Amino acid sequence: MYKDFFGFKEIPFSIVPNSRTLFLSQRHKEAITHLTAGLGDGGGFAMLTGEVGTGKTTVARVMLSSLDKQTQAGFILNPTFSEIELLQAICDEFGIAYKGKWTLKKLSEAIYQHLLDNHSNGMQTLLVIDEAQHLSFEVLEQLRLLTNLETESRKLLKVLLVGQPELQVKLSMPHLRQLAQRITGRYHLLPLNTEETQGYIRFRLEQVSGNTSLFSNKSMKFIAKSTQGIPRLVNLVCDGALKQAYLQREVAPSHQTVVEAANSVMALQSSYSLSKAPKAQSAKWVSALCLTLGLFGAFFVHQTLPNYTFSYLQTYVDKQYPLAPDEVSEVEQLPQELLDAIAKGYDRSAAVKELYKVWGYNANLQESLCEESSSTLFACQSSVGSIQELIELDLPVVLTFYQGNDIGYGVLFKADGEQVELLIAGERWQVERAKLKQLWSGEYTLVWQSQWRATLRPGMKGKSIREFDRRLSQLLQEEQEKDDVFGDGVKGKVERFQHWQSLTVDGIAGKQTLNKLEQLTQQGAPSLSQREDI
């Protein structure tokens, strides 16, 4: 529509992959280098993760295009397969003949034979699976079994898993630890920064013989901020601005046209509120990058509080914040009253104190500020994640909300189907999970019961070491040591646990290692589902 008007040879900001408009930022180049090294002679698995639209598939395709003739590669997209369907898809990719009703055993044998034939001919075999977060646990385990075939120096099948951050969550599960331990290369692809976004826009225009100054510096900075540097969203905004400029006969998109295009595109993204809060969104993103990676997996609680029962959570909330019958329908429409409540819930320490009350504990000022204290039974930590991660975590948390230029806090204390219940500034609200994304930044604060305050090292002994070994052994599904000494057996378990959780592998149980272990091995905590049988 606007190609001839602006003198383009082709559409510059199409979201369809095009080798002519392929832009590799420094982050993309780092990902390729890192993953290529991880899939070296000794490697079996590599993993590339990133948010939707950051260019993961682009990186994978670039890696495939750079392979030499001695590598046979297969590419599987959106693998919502059963185990047999996965093996059939692999056979299809590598041209392996099979009959429709073959069993897992026969399909596996055919693939193994193909791998052996490739190896004898000096060929390597690489399988790339995109959207790998959709793989079931059983299919991931089947993939691990396929990589068991190896020589003394290398795996005969190498696998690159490409997926959204949920893939990291899956691979952190205890029953997938054997697969996670085989991942020799990991890279999380972040969005483009402001300078990279500007370079990306100019590059796209240059590749279609367009005017590289078509977008002003002010507009490009606005696009970078509003899209948070996600290339796919940058494409949509730039394309929308060019269409609007064409209709208005602007020789170049004005800044107002760019703003309108950005608002139109970002209004469809459930986690953004562009028109009111680009500064808040930018602050949210920077904060998210600075925080530690979201807690992985389903977290279980240990040590029951005195006189605590699961009914306490609902009893406390019902008593303190009764929900009027007519409030539900109002809240589902995100009324102004809810937005006003978020604006009033600016006191983070008050929200954290409320979170402690849900645990049946009255926090002091130091604890409500999430400051460490030797006297408290709890630890407090901030992180980032998705609503699904919080559902799997199954613990009440404090959520951070961004609304316009206001930042507010509220306690997520219940999740029931597609509804969640919140405590915000002393008021109780019900909100649809889908609509929560319009308000919630992704940041949350978690508290849990903490047992160990000091580092545990090899050579130490006593009851604390025995309890530490008990929890660690249970989590790793290994035998507990017969004594209470931090010996080679315990050290080996610590190293395996640290490798699994992507921590520094040193065999010493420092703060990060102990925090992870505590979060993964608790019992008796309040539950978002509030089930009595947990």
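Roughly speaking, to the nearest percent, how much of the stretch 423-464's 1.4 Å accessible area is carbon and sulfur?
That fraction is 47 percent.
Taking only C-alpha pairs under 8 Å that are 6+ residues apart, what is the relative contact order of the stretch 390-475 in percent? It comes to 24 percent, rounded to a whole number. For the pair Glu206 and Arg466, the difference between a 0.36 nm per residue extended length and the Cα-Cα distance amounts to 87.1 nm. Placing +1 on the Cβ of every Lys and Arg and -1 on the Cβ of every Asp and Glu, with no other charges, gives the stretch 75-200 a dipole of roughly 460 debye about its Cα centre. Under the criterion of Cα pairs below 8 Å and six or more residues apart, the relative contact order for the stretch 1-138 equals 24 percent. Summing Cβ point charges (Lys, Arg +1; Asp, Glu -1) relative to the Cα centre of the stretch 399-533 gives a dipole of roughly 340 debye.
For the stretch 444-524, the equivalent ellipsoid built from the Cα gyration tensor has semi-axes of 19, 14, 12 Å, listed from largest to smallest. Positive-end ranking of Leu156, Thr197, Ala180 along the dipole of the stretch 148-202, with charges on Cβ about the Cα centre, is headed by Leu156. The residues neighbouring Val59, those whose beta-carbon lies less than 11 Å from its own, together hold a net charge of +2 under the Lys/Arg +1, Asp/Glu -1 convention.
The rule of thumb for compact globular proteins, 2.2 N^0.38 Å, goes into the C-alpha radius of gyration of the stretch 141-185 1.20 times. Pair-distance distribution of the stretch 1-150: all C-alpha pairs, bin width 10 Å, starting at 0; shares per bin in whole percent are 9, 34, 32, 16, 6, 2, 0. Over the stretch 70-133, the alpha carbon radius of gyration divided by the compact-protein estimate 2.2 N^0.38 Å works out to 1.11.
For the stretch 407-456, applying the loop criterion from DSSP together with a ceiling of 16 other beta carbons within 10 Å to the GluC sites (Glu not before Pro) yields Glu418. Sequentially through the stretch 410-425, phi angles give Karplus couplings (6.51, -1.76, 1.60; θ = phi - 60°) of x, 8, 7, 10, 8, 9, 10, x, 8, 10, 10, 10, 10, 10, 10, 6 Hz, Gly and Pro residues having no value and appearing as x. The ratio of the alpha-carbon radius of gyration of the stretch 335-433 to the globular-protein estimate 2.2 N^0.38 Å is 1.08. The Cα trace of the stretch 100-225 gives Rg and Dmax of 21.5, 61 Å, the first to one decimal, the second as a whole number. Using a probe of 1.4 angstrom and keeping all protein chains present, the accessible surface of the stretch 109-188 works out to 38 square angstrom per residue.
The values are calculated or read from the model by the stated rules, or taken from the named source; none is laboratory data. As the structure is a computational prediction, the values presented were derived from the model and not from experiment. Glycine also receives a Cβ, built like all others from the backbone with ideal geometry; neighbour counts cover every protein chain displayed. With ligands, DNA and RNA removed, areas are computed over all heavy atoms of the protein, side chains included. Shrake-Rupley method; radii C 1.70, N 1.55, O 1.52, S 1.80 Å.
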